[in-house]
Amino acid sequence: MRKTFTLSMTFLHTWGGLVFGWLLFMVLLTGSIAVFAGELTYWLTPEIRGGLRPDAVRSMQIGEDYLRAHAPTSRLWRVTLPTSREPALKVTWKELGEGSKKLDPETGAEIVRKTEGGSFFLQVHEDFHSNRDKNPTGFFLVCLAGMAMLVASVSGIVVHKRIFKDLFLFRPKTSPHRAWLDAHNVFGVLALPFHMMMAFTGILLLYWLFLPSAAPVVYPGGNSEFRREANAQDYRQVKGEAGDPAPTAPLKFYVDKAESLFGAGRTAYLYVRDPGRTNAVVEVYRERTERVSQQVDQIAMDRNGTVIRSLLIKEKTPLFRLQSFVASWHWIEWGGNLARWFYFLAGLMGAAVTAAGLVVFTAKRRKGAEGQAWFRIVEAVNVAAVAGACIASVAFFWAERLTPVEAAARDDIPVQAFWVVWAAALVHAALRPARQAWVEQLALTALLCLGAPFLQGLVFRDLATADWVRIAVDATFIAGGLCFALAAWKVRTPSFAATLPARREA
Amino acid sequence: MGVALSCLLTFASLVLFALAMRRHHRQAFGRDPAPRAVLAYRLAATVLIVLAPAPWMLERGPYMGFVTWMFCGVPLVGLAAVALFTALAARRSEVETEVEA
C-alpha cells in the first residue's frame, strides 16, 4: 500500500477522518449537549415551577398517592425523585396499563407538556435517534464513528508527530491553513486523554451488544440473565404470577430501610413490582452523584421489608468495581456541575478538533482541486456536517418552544424539525459557494442561539425568579451565539488571517 | 486552593519541558542549552508533572480527583494558558508595532 508507516497513517487519518468526521462532529456535539440533558429538559418544560427545592419524603408520598389513584392494577411502578438538575417528580407504570407522568413535586399537579427534552441529544449521540432494537444501523454507525475516533487519535499522533517538537507552538497569524492546522493540533493534543478515553469507554460500555453471541453461549437465559449476574440489573423485569391482594407499607418504610444501608437521603428512584400483592417487591436505587461508579447500590425488599437481594458496590469484587469505575467515566453522573462543565467544554473541544480537521482537509487541497466535482461535494458536506449540525441542534430548541403544548404527537415535532433543518442545511450548502454557505449557516446559528432564550420571553421569567439552572442555560445560549457570530465574522473576511499583521517570528 | 496549586505545578513543569527544547531555550536565554541542562530540565519537569495532580486529588478525593484531573483539568487549563498567552503575545506585538511606527 503506502510506502512508509507515516504515509499509511496519513492516508488513514486524512480519509478516515474526513468520512467519519462528518458523523463524529454530530456525535460529539450532541454528546456535549447531552451532558446537560436534565437541565435542558427542565429548561424546555416551563411548566415546572422555578426555584423549587423539593423535599424527597414529601415527593415520594405524592408519587405514591398518584400511582395508587391512577394505576392501582399495574404490575410495575417506578417513582423517580426530583433532583436539583431537574426538579420534577416522575412516575411511570407498566403492564396492565402503561403510562408516565411528570408531577409538580410539591402540589402533585400533572405537567401536561410532552417532550423528549435534553434526552433527545442523548439519543442522537447514542444511535442517531433510531430504535436500536428494531434497526441497529444508527447504533452501529455511532459505534463505527467511535472506533474511527480512536483510530484517528492514534494515527493523528503519528501524522502530527511534529506536535512533540513544536509542542509550544501556536501560529494563529502565519497562514490560514497553518492556523487551522494548529487549532486542530491544540484542541486535539490538550484534550487527547479525554477524547481517547471517551471513544474507548463509549465502545466499551456496550460490550454485550458488540459481542452478541458471547452471553447466550455461557448463559442459557441470554443477555438478560448475563446482565443480571454481571450487574444485578433487570431483576425488576423478572415477572412471576401475581399473588393475592395484600397491603404494602407506605414507600417511605422501604426507602428508610434501604437508606439505612446506603446512606440517608441518597435514594434516586425505586421500583415496585406487583404493588399491593403478597409477592410485592420494592427495589430502591441509590444516586451516583458523588461516586465515580456506574453501578449503583440497590436494595430489594419483600412486602414486609425483609431484604431479599442487595447490591452494595463496596462489597463487590475489585474487577467489578474497576469496570464500574471505568464505565462511569463516560456517563458523567458524578462530580456535580464542575465536572459537567468540564465535560461539556472538553467535548466541544473534540467537536472543534473534528471541525478544524475537516476545514484543513479542504484548505490544503483548495489550490489543486478547486472546481472539481468531488471537492465541491466535500466542501458542501463539510458545511452541512458542521454548521448544519449546529443549526439543527438549535432548531430543535426553537421547535420545542414554538410547538403548542396541546399539539398531537407533540414530542415528535421538534425531532422532525431537527432532521428537516439538517437536510435543508445540506441543500443550502450544495447551492451556495462554500464560503458564503459557511458564513450564512454560522450566522444563522448565531441568531438562533441568541434568540432562543427570548422565545416567549421566558428568560425574563427565569431572571425574575432567580432560577439559576435555567439562567445558566440561557447564558450558555447567548455565549454560544456570540461565539458563532465571531466565527461567522472571521470566515466572512477573505482569508482573514492573511490580512492581519505578520507575526514577528523570533 | 489545591486546584490552583495543581495548575501551577503543571504550568511550571511544561515551562521546564519547553526550556529543554533548543528553540525555546534560545528564545528565553539567547543560547543553546547544554546537554546536561537538557537532562536536568526534563528530569525536573517529569517530577513536577507527576506531582502536579496530588494537591487536586487530595482536595477532591482520589477517584474524583484522578478522573477530573486527567480528563478535564489538564485539557482546559492547557487551553486557558494557550488562549491567555496567545492573546498577550498578540497585544504585545501590536504595542511594539505602534512604538516602532
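What the table below lists for this structure:
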quantity	calculated
Sorted peptide list for A:380-390, A:249-259, criterion being average Cβ within 10 angstrom, highest first	A:380-390, A:249-259
Violating pairs (Cα-Cα greater than 22 angstrom) within the set A:LYS90/A:LYS134; A:LYS90/A:LYS252; A:LYS3/A:LYS367; A:LYS239/A:LYS314; A:LYS102/A:LYS257; A:LYS257/A:LYS314	A:LYS90/A:LYS134; A:LYS3/A:LYS367; A:LYS239/A:LYS314; A:LYS102/A:LYS257
Computed helical MRE - 222 nm, chain B, DSSP H runs ≥ 4 contributing -39500 (n - 2.57), nearest 500	-27000 deg cm²/dmol
Mean Cβ count within 10 Å, highest first, over the residues of peptides A:464-470, B:82-88	A:464-470, B:82-88
For the stretch A:1-129, convex hull volume per residue from C-alpha positions, Å³	154
For chain A: relative contact order, % (alpha-carbon pairs under 8 angstrom, 6 or more apart)	18
Calculated P(r) tail over 12 Å for the stretch A:56-112, as whole % of Cα pairs	59
Cβ neighbours within 10 Å from other chains - mean over B:58-68	4
Kirkwood Rh, Cα atoms: Rg over Rh of the stretch B:2-100	1.09
A:VAL307/A:VAL112 FRET efficiency (R0 35 Å; Cβ-Cβ; nearest 0.05)	0.35
Computed magnitude of the charge dipole of chain A (debye, nearest 20; Cβ of K, R +1, Cβ of D, E -1)	1960
The stretch A:56-112: relative contact order in percent, alpha carbon pairs under 8 Å with at least 6 residues between	32
Dipole of the stretch A:56-112, positive direction: furthest Cα of A:VAL112, A:ALA69, A:ALA56, with charges on the beta-carbon	A:ALA56
Among A:TYR271, A:LEU206, B:PHE11 the positive-end extreme of the charge dipole of the protein assembly as shown (Cβ point charges)	B:PHE11
In order through the stretch A:386-396: 3J(HN,Hα) via Karplus (6.51 cos²θ - 1.76 cosθ + 1.60), integer Hz, x for Gly, Pro	9, 5, x, 5, 5, 4, 4, 5, 6, 4, 4
Distance (nanometres) between label positions extended 7 Å along Cα→Cβ at A:ARG376 and B:GLU59	5.6
Other protein chain Cβ atoms within 10 Å, averaged over every residue that makes up B:71-84	6
Gain upon complete extension [A:LYS94, A:ASN337; 0.36 nm per residue less C-alpha separation]	84.2 nm
For chain A, calculated [θ]222 nm from helices alone, where every DSSP H run of n ≥ 4 adds -39500 (n - 2.57)	-18000 deg cm²/dmol
Scaled radius of gyration (Cα, divided by 2.2 N^0.38 Å) that the stretch A:3-50 gives	2.02
Peptides A:74-80, A:40-46 ordered by average Cβ neighbours within 10 Å, highest first	A:40-46, A:74-80
Relative counts (whole %) of C-alpha pair distances in the stretch A:343-490, using bins that are 10 Å wide	11, 34, 33, 16, 5, 1
Unit charges on C-beta of K, R, D, E only; dipole of the stretch A:321-407, Debye	440
Residue (of A:TRP334, B:ALA90, A:VAL27) at the positive-pole extreme of the protein assembly as shown, dipole from beta-carbon charges	B:ALA90
Residue order, fewest to most surrounding Cβ atoms within 10 angstrom, among A:LYS490, A:LYS102, A:LYS94	A:LYS490, A:LYS94, A:LYS102
Difference of contour (0.36 nm per residue) and Cα-Cα distance, A:VAL420 to A:VAL154	92.3 nm
Computed magnitude of the charge dipole of the stretch A:371-495 (debye, nearest 20; Cβ of K, R +1, Cβ of D, E -1)	500
Those aspartates and glutamates that a straight Cα-Cα span of less than 17 Å connects to A:LYS316, excepting residues fewer than 8 apart in one chain	A:GLU229, A:ASP297
Within 10 Å of each Cβ in B:11-17, the average number of Cβ atoms from other chains	1
When the protein assembly as shown is reduced to its Cα atoms, the Kirkwood hydrodynamic radius in Å	27.0
Geometric extent, Cα atoms of the stretch A:239-330 - Rg, Dmax (angstrom)	14.5, 44
Net lengthening on full extension, A:ARG492/A:ARG228 (0.36 nm per residue, minus Cα-Cα)	89.4 nm
Calculated over the stretch A:411-486: convex hull of Cα atoms, volume per residue (Å³)	92
Average Cα contact separation per residue, the stretch A:239-330, under 8 Å, 6 or more apart, as relative contact order %	24
Per-pair calculated FRET efficiency, R0 = 25 Å: B:THR86 and A:PHE5 via Cβ, rounded to 0.05	0.15
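Throughout, read-outs are computed from the coordinates displayed, never taken from laboratory work. Keep in mind it's a predicted model, so treat the numbers as computed, not measured. No Cβ is skipped: glycine too gets one built from the backbone with ideal geometry, and neighbour counts run over all protein chains shown.
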